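The values are calculated or read from the model by the stated rules, or taken from the named source; none is laboratory data. What you see is a predicted model, and the numbers here were worked out from it, not measured in a lab. Quick reminder, even Gly has a Cβ in these numbers, built from the backbone with ideal geometry, and neighbours come from all protein chains shown.
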């Protein structure tokens, strides 16, 4: 009787030991599966995935086929906030698609045809003035963001004055060899009838203007651009059309070079949104070209009055814009990268032309 009881106890104990051993083995196998490293080979696109941890900005068209190294955004503008690409196979993953207006076909056949992801923003990219902007039917409701020279664009592109870090540093006026200069395409000064050419032809009746022909003259390429402009006391910063905020590099060039711009464009108040009013001369300040010429000739003889046009340089600096042809649109594209990298807000732009043509 006692032996039977002992056998029963041993049998129960053995069963318990087997159950505990099984549980222990299962636990060790589970623990090992959690802690052991996995040595699966990385996927073929791992490097690409690593790059696209930043928001992807897809440049759908190269503007006027002017290509530059995307790394220039980092080296020239210290912008590295997105993964900038022109690889259309990344369309479905792109957070932004940058579309250059001038490259769009009238039938829209060269725009993306795949469905747009909910997180994706299409950016309307246009640096032309309304006068030079082609109207394309059917694009009104396509875009979420605007990239333009306009101050009220979602992405505003402009070469801005910067606050000077060292206000004790004196401005040194470059050596002046010419009184008044202008750069213009070939024989346009004699053939075109636009307002700025008419004004020029009236002005040269009263004062000498040294003209650089920008389409053929090496003196306006690369470093020579600023070197030659800096040799002029005054420079005709005449815009090709007059619209709000349409103030281009033709104004930034002389400011950065140490020359006084004589501007022909939007009203003075609009220029003063971007630069001190004492840094330039506006043609609208004078009743006619003859009176402007008289004022410039007086300033040529009055150095103290002339130097007052550079008082702003005690507090600001003007950065030289890029003059290489391939970089014509680099600043705008890099600014778009910066915007996509730090902003997630977007909107519908249902009345694109109504906004832009105002």
* **Conditions (1) out of contact with any helix residue (DSSP H, G or I) (no Cβ under 7 Å at 6 or more places or on another chain); (2) surrounded by 13 or more Cβ atoms within 10 Å (Cβ to Cβ); (3) within 20 Å of residue 271 (Cα to Cα); number of the one not met by residue 160** => (2)
* **Within region 110-127, considering residues that are in contact with a helix residue (DSSP H, G or I) (Cβ under 7 Å, 6 or more places away or on another chain) and surrounded by 15 or more Cβ atoms within 10 Å (Cβ to Cβ), the one farthest from residue 343 (Cα to Cα)** => 112
* To do: Please go through region 309-327 and pick out each residue that is touching a helix residue (DSSP H, G or I) at 6+ places or on another chain (Cβ under 8 Å) and surrounded by fewer than 14 Cβ atoms within 10 Å (Cβ to Cβ).
  => 311, 319
* Candidate set: region 328-358, residues that are surrounded by 14 or more Cβ atoms within 10 Å (Cβ to Cβ) and part of a loop (DSSP other than H, G, I, E, B); chosen: the one modelled with the lowest pLDDT -> 346
* Asked: Across region 156-171, which residue is farthest from residue 298 (Cα to Cα) among those that are part of a loop (DSSP other than H, G, I, E, B) and touching a residue at least 60 places away in the same chain (Cβ under 8 Å)?
  -> 157
